[in-house]
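Worksheet: the structure to be examined is printed underneath.
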Amino acid sequence: MSISPRVKVIDVTLLSDNWYILRKARFNFQRADGSWQEQVREVYDRGNGACILLYNVARRTIILTKQFRYPAFANGYDDLLIEVPAGLLDNLDPEACIKKETEEETGFRIGAVQKIFEAFMSPGSVTEKLHFFAAPYAARDRVSQGGGHEHEGEDIAVLEVPFDEAMAMIADGRIKDAKTIMLLQHAALTLFKV
């Protein structure tokens, strides 16, 4: 069912296009009781992205990255963030993007990937939709050291972690990244069942 008849945009103001795009929207929204209510929201548009869980079922291991994330630091997280490989689509289709990002960040060149699902990560303020993937990896798939691109401000460490330890890292707070937690929970249900 389309919700567009219940939304009447009054105006949209550009607040910033310095890094990505921040807009302020003023609109009328028709509530469930039929009445109209004016609302104002700021919307941050950074484009859509993709993320992936690289796994090795035989060895019960996964590949994660570790890097500095200023927004997490600004919110009191005083450590590098542990995450699955991820990146913005930048005009690529999601599968091509995640293959490129995987090689840049981890040094692994992967073949077939499986699309798991799509999700909005912070729909109250950010337009970004993430495409979630999973793919097997083996030592022979590593073609470089990875680490990302310095000109993009990336300084990425690559971690090969036993799956059970990764799950413990969620429980003890070492992994706090939502996309990583979602993919690890998916793997617990489908790939690494006990």
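The values are calculated or read from the model by the stated rules, or taken from the named source; none is laboratory data. Small disclaimer: the values here were computed from a predicted structure and weren't measured. Here Cβ is always computed from backbone atoms with ideal geometry, including for glycine, and neighbour counts include all displayed protein chains.
Here are the numbers for the structure shown:
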| read-out | value |
| --- | --- |
| Residues being in contact with a helix residue (DSSP H, G or I) (Cβ under 8 Å, 6 or more places away or on another chain) and not aliphatic (A, V, I, L, M) - total across region 157-173 | 1 |
| Subset of region 33-74 (residues that are closer than 30 Å to Lys193 by Cα, exposed (fewer than 13 other Cβ atoms within 10 Å of the Cβ) and not β-branched (Val, Ile, Thr)) | Ala58 |
| Any hit, region 150-166, residues being closer than 18 Å to Ile116 by Cβ and buried (at least 17 other Cβ atoms within 10 Å of the Cβ) | yes |
| Segments classed as strands (runs of 3 or more DSSP E), wholly inside region 100-194, with at least 2 members that are touching a residue at least 12 places away in the same chain (Cβ under 8 Å) and under 16 Å from the mean Cα position of the chain (by Cα) | 114-120, 129-136 |
| Region 84-102 - residue that is closer than 22 Å to Lys176 by Cβ and of a type in the set (A, V, I, L, M, F, W, C) and, of those, surrounded by the fewest Cβ atoms within 10 Å (Cβ to Cβ) | Leu88 |
| Residue within region 171-188 that is closer than 27 Å to Arg46 by Cα, surrounded by 14 or more Cβ atoms within 10 Å (Cβ to Cβ) and modelled with pLDDT under 95 present | no |
| Candidates Glu105, Glu38, filtered to the one that is farther than 15 Å from Asp177 by Cα and either among the aliphatic types (A, V, I, L, M) or touching a Ser or Thr at 6+ places or on another chain (Cβ under 7 Å) (or both) | Glu105 |
